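The values are calculated or read from the model by the stated rules, or taken from the named source; none is laboratory data. Values in this document were obtained by computation on a predicted structure and should not be read as measured data. Please note: Cβ atoms are built from the backbone with ideal geometry, for glycine as well, and neighbour counts cover all protein chains shown. Side chains included, ligands, DNA and RNA excluded: accessible areas come from the protein's heavy atoms. Shrake-Rupley method; radii C 1.70, N 1.55, O 1.52, S 1.80 Å.
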Amino acid sequence: MDGRDINDSPSGVFSLITEGSIGNAGGLEITADSFSMTNRAQILSTTQGMGNAGNVDILVEDEVNLVNSSIL
């Protein structure tokens, strides 16, 4: 995953419950031989309503590179 678009929105993987909503955000799982995130990309599981955020699981066999990126 890399970068942001012209509106400064991050590239990435997202699971969320918006404000005023009720429910649980889903979990995210990434399975790979290697994994890289750069230039402010994000992985995010969150809730702004009533409910629980999901788990973020990253299962990598070899190499993980996180450069100026976020896992939330």
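For this structure, a couple of remarks:
- Shape category assigned to the chain from the gyration tensor of Cα positions, a/c cut at 1.5: oblate
- Bridge orientation summary for the chain: considering DSSP beta bridges with both residues in this region, about 5 percent are antiparallel.
- From phi via Karplus (6.51, -1.76, 1.60), per-residue ³J(HN,Hα) for the range 56-61 in Hz, x at Gly/Pro: 10, 10, 10, 10, 10, 6
- Probe 1.4 Å - accessible area at residue 14, Å² to nearest ten: 90 Å²
- Rounded to the nearest 10 square angstrom, residue 33 shows an accessible area of 120 square angstrom against a 1.4 Å probe.
- A simple spin-label model places pseudo-atoms 7 Å from Cα toward Cβ; at residue 8 and residue 61 they are separated by 4.0 nm.
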